[in-house]
Amino acid sequence: MLSELIRKRRSIHPPRFNQKPILREELEEILEAANWAPTHKKTQPWLFKVMHSEKSRNELGSFLAETYKSTTANFKENVFQKMKSNPQKSSAVIAICMQRNEDLLPEWEEIAAVSMAVQNMWLLCTEKNIGTYWSSPKLISQAHTFFELAENQRCLGFLYMGYYDEEPPYFERESWKSKVEWI
């Protein structure tokens with residue numbers, strides 16, 4: 001049931017992944033789910049760059065680590081290692097990108113559409129027991145060079161994906177009632 005999937009969805013970080021491969025067919029099904037997200041004026045602004053091979057994930061890890069090292073004044077070795085290893089520990093990484101249609105819509109509407117596409121992927125991953133984690137590091141603004149993005153395209157983060165063994169902890173939420181005003 002959808003309401004159960006929504007409640008079960010969690011961020012599961014790459015160190016918890018078990019290295020079981022995600023099949024290309026599974027990734028294609030997950031990407032198809034993304035494609036059904038709502039989109040105002042049917043702009044479909046999502047653009048996904050999939051790093052499925054070990055080589056592409058290693059290249060991403062090296063790029064992130066080296067970019068962190070060269071752009072951070074307060075360098076920390078543990079952050080450098082995490083940047084490098086997160087893609088390596090994942091079975092797949094999807095760069096979450098957006099193609100802007102400036103003449104048609106405000107930017108926030110296209111970011112919202114991309115976010116809904118990611119939520120569709122995340123819920124399907126939850127159903128398949130594939131762990132996911134959306135990371136938007138400070139250096140995300142440098143990703144356009146790695147992905148060779150066009151001027152109207154922007155990277156919003158990375159969706160790290162992998163199977164996991166241990167159920168993630170349940171996190172209690174504040175009641176929805178404290179966030180709603182009836183008018």
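The values are calculated or read from the model by the stated rules, or taken from the named source; none is laboratory data. Not measured: the values here are computed from a predicted model. Cβ sites come from the backbone with ideal geometry, for glycine too, and all protein chains shown count toward neighbours.
Being of a type in the set (Lys, Arg) and in contact with a helix residue (DSSP H, G or I) (Cβ under 7 Å, 6 or more places away or on another chain) is the filter; apply it to region 1-31 and report the residue that is farthest from residue 95 (Cα to Cα).
Just the residues of region 1-31 that are of a type in the set (Lys, Arg), to begin with: 7-10, 16, 20, 24.
Restricting the remaining residues to those that are in contact with a helix residue (DSSP H, G or I) (Cβ under 7 Å, 6 or more places away or on another chain) gives 8-9.
Numbers: 8: 23, 9: 20 Å.
Checking each candidate, the answer is 8.
Please go through region 94-107 and give me each residue that is in contact (Cβ under 8 Å) with a residue 60 or more places away in the chain and either touching a His at 6+ places or on another chain (Cβ under 8 Å) or not in a strand (DSSP E or B) (or both), ordered by number.
Filtering region 94-107 down to residues in contact (Cβ under 8 Å) with a residue 60 or more places away in the chain leaves 94-96, 101, 104-105.
If the condition is that a residue be in contact (Cβ under 8 Å) with a residue 60 or more places away in the chain and either touching a His at 6+ places or on another chain (Cβ under 8 Å) or not in a strand (DSSP E or B) (or both), then 101, 104, 105 are the ones that fit.
Which one is nearest to the chain's Cα centre (by Cα), of the residues in region 1-22 that are of a type in the set (A, V, I, L, M) and surrounded by 12 or more Cβ atoms within 10 Å (Cβ to Cβ)? Break it down into steps so the answer makes sense when it comes.
Keep residues of region 1-22 that are of a type in the set (A, V, I, L, M), which gives 1-2, 5-6, 12, 22.
Next cut, surrounded by 12 or more Cβ atoms within 10 Å (Cβ to Cβ) only: 5-6, 12, 22.
Numbers: 5: 18, 6: 17, 12: 11, 22: 15 Å.
If we take residues in region 1-22 being of a type in the set (A, V, I, L, M) and surrounded by 12 or more Cβ atoms within 10 Å (Cβ to Cβ), then 12 is nearest to the chain's Cα centre (by Cα).
Looking only at residues that are surrounded by fewer than 16 Cβ atoms within 10 Å (Cβ to Cβ) and more than 14 Å from the chain's Cα centre (by Cα) in region 110-138, which one is modelled with the lowest pLDDT?
Residue satisfying both the conditions and the ranking: 138.
For region 86-107, give me each residue that is surrounded by 16 or more Cβ atoms within 10 Å (Cβ to Cβ) and of a type in the set (A, V, I, L, M, F, W, C).
92, 93, 94, 95, 96, 97, 98, 105
Restricting to region 148-179, and then to whatever is among the hydroxyl-bearing types (Ser, Thr, Tyr) and loosely packed, with under 11 Cβ neighbours inside 10 Å, can you tell me which residue is farthest from residue 88 (Cα to Cα)?
Of region 148-179, the ones among the hydroxyl-bearing types (Ser, Thr, Tyr) are 160, 163-164, 170, 175, 178.
Cutting the leftovers down to loosely packed, with under 11 Cβ neighbours inside 10 Å gives us 170, 175, 178.
On the way: 170: 26, 175: 37, 178: 41 Å.
By that ranking, first place goes to 178.
Would you point out the residue of region 23-77, among those that are modelled with pLDDT of 95 or more and aromatic (Phe, Trp, Tyr), that is farthest from residue 154 (Cα to Cα)?
36
Each row is one residue, and each column tells you yes or no for (1) crowded, with 17+ Cβ neighbours inside 10 Å; (2) of a type in the set (Lys, Arg); (3) touching a residue at least 40 places away in the same chain (Cβ under 8 Å).
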| site | (1), (2), (3) |
| --- | --- |
| 26 | yes, no, yes |
| 29 | no, no, yes |
| 37 | yes, no, yes |
| 43 | no, no, yes |
| 54 | no, no, no |
| 60 | yes, no, yes |
| 73 | no, no, no |
| 76 | no, yes, no |
| 84 | yes, yes, no |
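Which of (1) touching a His at 6+ places or on another chain (Cβ under 7 Å); (2) more than 15 Å from residue 162 (Cα to Cα); (3) outside any helix (DSSP H, G or I) is the odd one out, the single condition residue 133 does not satisfy?
Unmet for residue 133, out of (1) touching a His at 6+ places or on another chain (Cβ under 7 Å); (2) more than 15 Å from residue 162 (Cα to Cα); (3) outside any helix (DSSP H, G or I): (2).
Which of the residues belonging to region 138-154 are touching a helix residue (DSSP H, G or I) at 6+ places or on another chain (Cβ under 7 Å) and closer than 20 Å to residue 13 by Cα?
Across region 138-154, the qualifying residue is only 139.
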